[in-house]
Each structure stands twice: as C-alpha cells, then as structure tokens.
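Comments concern the structure below.
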Amino acid sequence: MVRRGGLLTGGYGGASSWKAGRVMRAAVAAFFNGYHCFSPVAAMLALPFSAAVLASQAAASSSSSSSGAVLRGVSSRLRGMFHAAGFPPSPFFALLNGKLSQTVFTYAATLPVALTVLLLAKACVAGVLRADPAHDRRRRGRMSLPPCGAVARAYPALVATHLVGSFAMLSANAAAFSLLFLAFGAADLLGFTSRASTLALSAAGAIAYSVAVGVATVVCNLAVVVAAMEERCAGHAAVLRACVLIRGRVPTALALALPTNLGMAAAEALFQLRVVSQRRKAGRLAPGVAGEAFSIAYIHALCVVLEIIVSCMFYRSCRRSEADELRELEPEEKGDLQA
C-alpha cells in the first residue's frame, strides 16, 4: 500500500471519509471562528446570488410565465437532440432532460450575479483564509476581511477562471453524452435492446454521468479557489493546478461537496414548499411569506459561504500534503547525491 497525498491508495473508502471529516470539521470551526467576517459576506454578496437562484427556479416552475415557456423550449430542444442521437426512450433520459433543462436555465439566469457578487464573495472568503496555516494559532479570534484593493486585484483572475471552468463543464457534459451515445449505439448493434438491458445500461450511464459531472464541478470550484489563493495563477493554469491538487483525492473532494450541496438543495426545496406553493394558493406574496422567503434565501447564502470555506480548507489540506511529500522525498534525494 502506497501513501499518496495523505490517503492510502489501497483503501479509499475509510481514508477518504476520515480525511473529509477532518477538513469539514476545520471548515465549520473556521466558519464559527470568523462568523463576524463571513456573515457580512453572506448578507451582502452571497444573498443576491442565492435570491437569484431561488427566484429563477420559482419562475421556471411556473407554467404560465415566460420563464416557464423558455424552460419548455429548452427541454423540447434537448429531447429532440436525444432523439436524433438515437437514445432510447427511458425514465433516465426523461429525468436527465428535465434536470439539464432546469440547470441550463438557472445557469443562464444567474450568470450576471455569479460573475459579480458570487466571485467577490469567493475573493473575500479566500482573503480571510489566505494566511499561512502555520500562523493559524496566532490568528484565532481576530480574523478580518481583506482590503477592498486586494479583492479588486484578485477579481479578474477569478472571472477568467470561472469562464474557463464553465467551458470545462460544457466539455465534460459533451464527453459524457458522447460516451453514452457510443454505449447505447454499441448495445443496439449487439442486439441488447430488451427492456432489462436498456434499464441496466441507463442505470450505469446515470452513475457514470453523475461521477463525471461531480468531478468536473469539484475541479472547477477548486480552480476558482486556486486563482484566489495563488497570485499569477488564473484561467487554464488554475484549472490545471486544481487537477494536480485533486489527484489521488477525488473521493475526499466528492465527500466534501456532498454536505453543502445537500444543504443548498434542502433550502431550495424548502423555498418551493413554503414560498412558491403558498404564493400559488393565495395568488400573491403575503408579508409573512416574504419574510420567510428572505430567511430561506439567507440560509442558502450561508450554505454558499460554507461551501467556499470548505473548498479553501480542502485547498490548504492539499498544499500541506504536497509539502509533506516533498519533505519525505528530501532525505532520499540527498542520500542519492551523496552516494
């Protein structure tokens, strides 16, 4: 068994969950230790992004609005693309079509705020946590927000990295669909066209697609953190740096992304249940429901900030693992030189 990046390559399950638990505990501790810094970021920067996400999903779920018509148009085009590619009709592709349509619509609707307030929030959180881990003990209890000049200098690098990451996500989706097309085409040529074969292949395709998109999402989020933490590293260089850092740590990264994404999904479901459904029944937005909508949006914003903190802590963990590997290699290299 070889030790790589702080994990045992022979046992990813227990080691990755143990490593993810350590990083998550450090992120939660940093969140509460610097709550006086992170709460203004959530209220002023992450909250507009969360409100845009929740509002876009509410507009997309309305069948009578223009947004609902746009969503139905996107869904029909994706359905036509799947049919032209030769994908068989199955519940998997129906569900994939619906989720992809909603994702594309939400991404397009929230792109302006994602490129402004969300990236500024990431720059602020990274600026708070950018200090050397060796000085954490001295910094506890006195975290402070970074100067506006530092945030402004880091912002262009974050924009370039976010755009490159969006292109990488599009490429990952295209590659996944190409592999699914080849798999279903090969199954059709080999005669595996029964309902059981289609269901099994659809389940395998769902798992493979989820893993591929999850890894691409984690890499793109880490690339933005790399651009915020390291100077003169932006765009494709930050994405490549994130790929190097995450090598051997993919299970840990996926395990870390799960809790915060579940929290945001729960906030979005609560918004649909408590706000959207109440507005449909009453025909208007009551003051009490409006206050509840603001509270849910703030909870979503806190989850967004916590996700950024987790990414920053995972980046620092990867950097520490790299430093440990270099220190372990130094005596061997010196011994080779003396011999």
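Treat the count of other C-beta atoms within 10 Å as a stand-in for reagent exposure and order 319, 247 from fewest to most.
Values: 319 16, 247 11.
If I rank by nearby Cβ atoms, fewest first, I get 247, 319.
With labels modelled as points extended 7 Å from the Cα through the Cβ direction, what inter-label distance (nm, one decimal) is found for residue 278 paired with residue 290?
With each label point 7 Å from Cα toward Cβ, the separation is 1.3 nm.
Can you compute the label reach from residue 116? Point 7 Å from Cα along the Cβ direction, backbone N cut-off under 13 Å, restricted to segment 34-54.
Only 45-46, 48-49, 52 pass the distance filter.
Grab the other residues whose beta carbon is less than 12 angstrom from that of residue 49, score K and R as +1, D and E as -1, and report the net. Kindly include the intermediate steps, with their values, before the conclusion.
Numbers: positive: 122; negative: 307.
Residues near residue 49 contribute 0 overall.
Using R₀ = 56 Å, calculate the FRET efficiency as 1/(1 + (r/R₀)^6) where r is the Cβ-Cβ separation of residue 204 and residue 144; round to 0.05. Could you put the intermediate results ahead of the total?
Details: r = 50 Å, r/R0 = 0.89.
The computed FRET efficiency comes out at 0.65.
Is segment 200-277 best put as rounded, prolate or oblate by its Cα gyration tensor, with a ≥ b ≥ c the root eigenvalues, rounded for a/c under 1.5, and otherwise prolate when a/b is larger than b/c, oblate when not? Each step should come with its number before you reach the end.
Numbers: a/c = 2.69, a/b = 1.41, b/c = 1.91.
Note, shape of segment 200-277 comes out oblate.
What's the extension gain from residue 29 to residue 211 if we count 0.36 nm per residue and subtract their Cα-Cα distance?
On the way: separation 182, 0.36 × 182 = 65.52 nm, distance 2.89 nm.
Separation in residues times 0.36 nm, less the Cα-Cα distance, equals 62.6 nm.
Using a basic spin-label model with each label point 7 Å from the Cα along Cα→Cβ, how many nm lie between residue 153 and residue 231?
0.6 nm
The numbers here are math on the coordinates, done by the rules we state, and not lab data. Note that the structure is a prediction, hence the values are computed from the model and not measured. We place every Cβ from the backbone using ideal geometry, glycine too, and count neighbours over all the protein chains shown.
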